[in-house]
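A.B. asks: Take this structure, written in structure tokens, and hold onto it; I'll ask about it next.
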There are 2 protein chains.
Amino acid sequence: MIENPFYGPEFHGEYEVASVGRLDLEEGGTIPDCRLAFTTWGELSPEKDNAVLITTWYSGTHQIWRDAYVGEGHALDPSRWFIVAIDQIGSGLSVSPHNADGDNASIAMSNFPRVRIGDDVVAQERLLRERFGIERLQLVVGGSMGAQQTYEWAVRFPEKVLRAAPIAGTAQNTPHDQIFADVLMAAITSDPGFADGEYKSNADVVAGLTRHADIWGVMGFSTEAWKLEFWRAMEFDSKEAFLDGFLRPYFTAMDPNDLLCMAWKWQHGDVARHTGGDLAAALGRITAKTYVMPIDEDMFFPPRDCRAEQELVPGAELRVIEEVLGHLGLFGVAPSYMPQIDRHLGELLATRV
Amino acid sequence: MIENPFYGPEFHGEYEVASVGRLDLEEGGTIPDCRLAFTTWGELSPEKDNAVLITTWYSGTHQIWRDAYVGEGHALDPSRWFIVAIDQIGSGLSVSPHNADGDNASIAMSNFPRVRIGDDVVAQERLLRERFGIERLQLVVGGSMGAQQTYEWAVRFPEKVLRAAPIAGTAQNTPHDQIFADVLMAAITSDPGFADGEYKSNADVVAGLTRHADIWGVMGFSTEAWKLEFWRAMEFDSKEAFLDGFLRPYFTAMDPNDLLCMAWKWQHGDVARHTGGDLAAALGRITAKTYVMPIDEDMFFPPRDCRAEQELVPGAELRVIEEVLGHLGLFGVAPSYMPQIDRHLGELLATRV
């Protein structure tokens, strides 16, 4: 266990942590005491029929959803819905390499087992059922790795998911993104300070985490976003100042093993493992009304890849988000972004299912 | 000086090396004995009015042009044109950090001065004039960093360049590509074996060169190319086998300082330094008939960026190459690639100027 103040309420607001018990993993390992961080908004109806699940992306937590996506005036309105955001395993808030202590001490740091998207979804389903008695979800929504979890929910538990909104992500990770994830992981593990995962502090790996951040600078935003100097709207006066003042501090605060846990999980995301590799068969299982929502300028989940999957989901619609920032437009900083998200999610939530 | 057998005729065929003497550099340094590697095809006409110049890209040399672009049946036909391909400074064949000996011993390895695209063009002009008496070029053509040199030629020596064909590159490097180049350089310099540029062998830096290669895997080919498993046409049976059997050996054979010399030069490419930062004024100087030839699936020199420059070059035409491989389609391995290049270059060479 490593003390890292980034993973706490100061940076992530209020949240709860609950255990769903022992979680046996797809890859063969076990998390003895699977603790999940989550937060809720609104009230669960007596019929338990107004629940919405938010899943989280690589390096992101429930907090970005609180900051940008949930609230009065948004489609995700707590006066209407009971909204639960569950932080993924490896997020640093839920059970993760850096915080594994107590019953989990044997899986701390480099001993943390490999976790798959499906493991998260199994744990999330247990939390929702055991803690809240929720058996059906009006909507599952998430971006990037959250989209992977959204697809996994819709394929694994079709009877439990009425609507699904995977944003800027895919059901089956692409070969390009497998290589991209490798490059991100290598930036971290190649740092001598990483010490095969047994560093004493994330500060020991600052060089590797900085290289990892800069690679996000290349792939996370579009070529056009850099040309338009998007960072001026965030009150930086050069791209170097943006990297130094935002992107690098954002990632260097995080735990290297936690990021690696998520990166491996992202890299291996694939709903087709439910159907012997047949992606069409897996996506064909989905009964949720699904809006597939790629970002037009996304450099690594391009609309082309998302559309190919949308065409395999019965009745799904393609709703492309226009966002020149590219993938990290998910942060919701551009004024034109959230209105599009709200419009699509609002229409999706209004559909009869 | 480091012995590196990659930089020789075994891998680059026949070529000559000639000195253009002392080269004082834009950034303030000096190359005491600026040796340029080059190769020629065809015969220079008595009037010296049939010369074509080929400039080279990052990590590439004249050899790829020999293999794919020049010959009977191509637009670059030696029976019609006297074609000179000059390897850029830092290419490993021309004067470069790893081969600096003799009069250049003081600039070996980490002492190599910073070189700009403009320095290459000044040296190339001298070589063509002093060795061949060439005062005008029917065409300057190059891809990627070769496109940078092509633009530099057309802006710096408008009276000497009748036609210009920048392929998959820009006149002013974009901010996105500045970050991309930083990421590539950091992959190399972060390797402890790099030893601040004073390694004893490129093999000492194999880990950094491998990471550098993998980053090219992410940016050099399109997302769709990976999905289409383009490597099957090159007789690999997995993407990992392609990386291990092609992309990594390609780059790990090279010299780290040489790559860094080129990367810095690419990063700082900008014809607008001739006009106080005014790109429109710089490109407005061009009198060459210019075909701007981006590759449609290029992830870092996208057609959008190339078109923006084309619109600033008087009379220029945009000729987009359809090539799903993306930027590294420049290698010319796809059957549909060279016919497009030949058609456009053939039409350009047929224009009256």
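A.B. asks: Return the residues of segment B:307-343 that are among the acidic types (Asp, Glu), within 19 Å of the chain's Cα centre (by Cα) and in a loop (DSSP other than H, G, I, E, B); say none if nothing qualifies.
C.D. replies: B:Glu323 - this is the single residue of segment B:307-343 that is among the acidic types (Asp, Glu), within 19 Å of the chain's Cα centre (by Cα) and in a loop (DSSP other than H, G, I, E, B).
A.B. asks: Tell me whether segment B:202-212 contains one or more residues that are under 19 Å from A:Gly217 (Cα atoms), outside any helix (DSSP H, G or I) and outside the structural domain of B:Pro335 (by TED's automatic domain parsing).
C.D. replies: Checked against the condition, which is being under 19 Å from A:Gly217 (Cα atoms), outside any helix (DSSP H, G or I) and outside the structural domain of B:Pro335 (by TED's automatic domain parsing), segment B:202-212 yields no hits at all.
A.B. asks: Only one of these conditions is not met by A:Trp216: (1) assigned by TED's automatic domain parsing to the domain that holds A:Lys48; (2) farther than 16 Å from A:Ala288 by Cα; (3) of a type in the set (Phe, Trp, Tyr). Which number is it?
C.D. replies: (1)
A.B. asks: Would you point out which residue out of A:Leu318, A:Leu345 is modelled with pLDDT of 95 or more, surrounded by 20 or more Cβ atoms within 10 Å (Cβ to Cβ) and more than 22 Å from A:Asp119 (Cβ to Cβ)?
C.D. replies: Result of the check over A:Leu318, A:Leu345: A:Leu345.
A.B. asks: Is there a residue in segment A:336-350 that is touching a Cys at 6+ places or on another chain (Cβ under 7 Å) and hydrophobic (A, V, I, L, M, F, W, C)?
C.D. replies: no
A.B. asks: May I ask you to list the residues in segment A:150-208 that are touching a residue at least 60 places away in the same chain (Cβ under 8 Å), within 14 Å of another protein chain (Cβ to nearest Cβ) and at positive phi?
C.D. replies: Of everything in segment A:150-208, just one residue is touching a residue at least 60 places away in the same chain (Cβ under 8 Å), within 14 Å of another protein chain (Cβ to nearest Cβ) and at positive phi, namely A:Ala168.
A.B. asks: Quick check on this structure: which one of B:Ala272, B:Ala241 is in contact with a helix residue (DSSP H, G or I) (Cβ under 8 Å, 6 or more places away or on another chain), under 28 Å from B:Ser94 (Cβ atoms) and part of a helix (DSSP H, G or I)?
C.D. replies: On inspection, the qualifying residue turns out to be B:Ala272.
Here's the yes/no breakdown for (1) surrounded by fewer than 24 Cβ atoms within 10 Å (Cβ to Cβ); (2) over 17 Å from A:Met145 (Cα atoms):
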residue	(1), (2)
A:Asp255	no, yes
A:Leu260	yes, no
A:Lys265	no, no
A:Ala282	no, yes
A:Asp298	no, no
A:Phe301	no, no
A:Glu322	yes, yes
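A.B. asks: Next up: So which residues in segment B:45-63 are touching a His at 6+ places or on another chain (Cβ under 7 Å) and in a loop (DSSP other than H, G, I, E, B), if there are any at all?
C.D. replies: Once the filter is applied, which keeps residues that are touching a His at 6+ places or on another chain (Cβ under 7 Å) and in a loop (DSSP other than H, G, I, E, B), segment B:45-63 yields B:Thr56, B:Thr61.
A.B. asks: Among (1) surrounded by 20 or more Cβ atoms within 10 Å (Cβ to Cβ); (2) within 12 Å of chain B (Cβ to nearest Cβ), where does A:Ala308 come up short?
C.D. replies: Status for A:Ala308: all satisfied but (1).
A.B. asks: Do the conditions hold for A:Ala37, that is, is it at pLDDT 95 or above, assigned to a helix (DSSP H, G or I) and surrounded by 16 or more Cβ atoms within 10 Å (Cβ to Cβ)?
C.D. replies: Spelling it out, it is not the case that A:Ala37 is at pLDDT 95 or above, assigned to a helix (DSSP H, G or I) and surrounded by 16 or more Cβ atoms within 10 Å (Cβ to Cβ).
A.B. asks: Regarding A:Ala288, is this residue small (Gly, Ala, Ser), crowded, with 16+ Cβ neighbours inside 10 Å and touching a strand residue (DSSP E or B) at 6+ places or on another chain (Cβ under 7 Å)?
C.D. replies: Judged against the criteria, A:Ala288 is a match.
A.B. asks: Still on this structure, I have one more. Of all the residues that make up segment B:213-224, how many are in contact (Cβ under 8 Å) with a residue 60 or more places away in the chain, part of a helix (DSSP H, G or I) and more than 9 Å from chain A (Cβ to nearest Cβ)?
C.D. replies: Qualifying residue count, segment B:213-224: 1.
A.B. asks: Filtering segment B:285-300 down to residues that are assigned to a loop (DSSP other than H, G, I, E, B) and either modelled with pLDDT under 95 or under 16 Å from B:Glu152 (Cβ atoms) (or both), which residue is farthest from the other protein chains (Cβ to nearest Cβ)?
C.D. replies: It comes out as B:Thr287.
A.B. asks: Sticking with this structure for a sec: Which ones in segment A:225-237 are farther than 16 Å from A:Ala213 by Cβ, within 13 Å of chain B (Cβ to nearest Cβ) and in a loop (DSSP other than H, G, I, E, B)?
C.D. replies: Listed by number, the residues that qualify are A:Leu228, A:Glu229.
A.B. asks: So which residues in segment A:243-284 are within 14 Å of chain B (Cβ to nearest Cβ) and more than 23 Å from the chain's Cα centre (by Cα)?
C.D. replies: A:Asp244
The values are calculated or read from the model by the stated rules, or taken from the named source; none is laboratory data. A quick note: this is a predicted structure, and the numbers were derived from the prediction, not measured. Note that we place each Cβ from the backbone using ideal geometry, even for glycine, and neighbour counts take in every protein chain shown.
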